[in-house]
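Scroll down for the structure; my scribbles are underneath it.
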Amino acid sequence: RNITKALSLKPSAIIINLPSNDATNNYTVAEQLANYDAMLAKARAATVPVWITTTQPRNLSEAQRQNLMAMRDSTFARWGSKAIDFWSEIAEANGRIKSIYDSGDGIHLNDAAHAILFDRVVAAEVHNVAALTDSVFLDLVQRASFDFFWLEANASNGLIKDRSASGAPSSIAATFARWCRDLAARRQARRERAGGVRDA
């Protein structure tokens, strides 16, 4: 529901920040990642770029802190440059909040920690999305379009769903997937010839 509401506001970008509630409620990492995938599919369909923050340290049980750290690592691994670090410097090695960043309840961060998190969002340049040039905006749209066809492909037969919704059918529209991949390859080749630059 939250992603649907966010998209209804026509945002230039979205930051997903789920610090610890899922771990507190004992959701597995796999369940959390599936929820992220569902939200990202909706954002991709609306061509809205998304950044995802890592989990945050909390003074929870050992098992819950391990869950937070596993989710932190999965966030970095899966979303790379679109992952924003809300963990390092404010966390102890065991996943607890460093005392200088604890508001006093072992759960919420204080203003000093929030200043660090703010600086990291600024460093990710999320705020610059609204001022994108046409070229950079088209890059984002093309990347989102390619990602849909790439990520929604059936590993067994290569067919692409018409929509990201669970159980959506695959029709003749799925043939666009091959065109999408071909165009991406040609575009990359042009970039390499123009300046020797290769996408990550």
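All of the numbers you see were taken from the coordinates with simple rules; none came from a lab. Values in this document were obtained by computation on a predicted structure and should not be read as measured data. Quick reminder, even Gly has a Cβ in these numbers, built from the backbone with ideal geometry, and neighbours come from all protein chains shown.
Summing charges over all other residues whose Cβ lies under 11 Å from the Cβ of Val48, with Lys and Arg as +1 and Asp and Glu as -1, gives +3.
For the stretch 1-142, the Kirkwood estimate of the hydrodynamic radius, built from every pair of different alpha carbons, is 16.0 Å. In terms of its C-alpha gyration tensor, the stretch 68-154 has an oblate overall shape, because the principal axis ratio a/c (a ≥ b ≥ c, square roots of the eigenvalues) is not below 1.5 and a/b does not outweigh b/c.
Residues whose amide H lies under 5 Å from that of Trp51, counting only those 5 or more places away or on a different chain, are Ile14, Ile15, Ile16; hydrogens are built 1.01 Å from N in the peptide plane. Taking 19 Å as the straight-line reach from the Cα of Lys10, the lysines in range (excluding those fewer than 8 positions away in the same chain) are Lys42. Over the Cα atoms of the stretch 1-81, the radius of gyration divided by the Kirkwood radius equals 0.99; this is the Rg/Rh ratio. Within the set of other residues whose C-beta is less than 9 Å from the C-beta of Arg58, count the net charge using Lys and Arg as +1 and Asp and Glu as -1. Residues close to Arg58 contribute a combined charge of +2. From the alpha carbon centroid of the stretch 1-40 to that of the stretch 89-103 is 24 Å.
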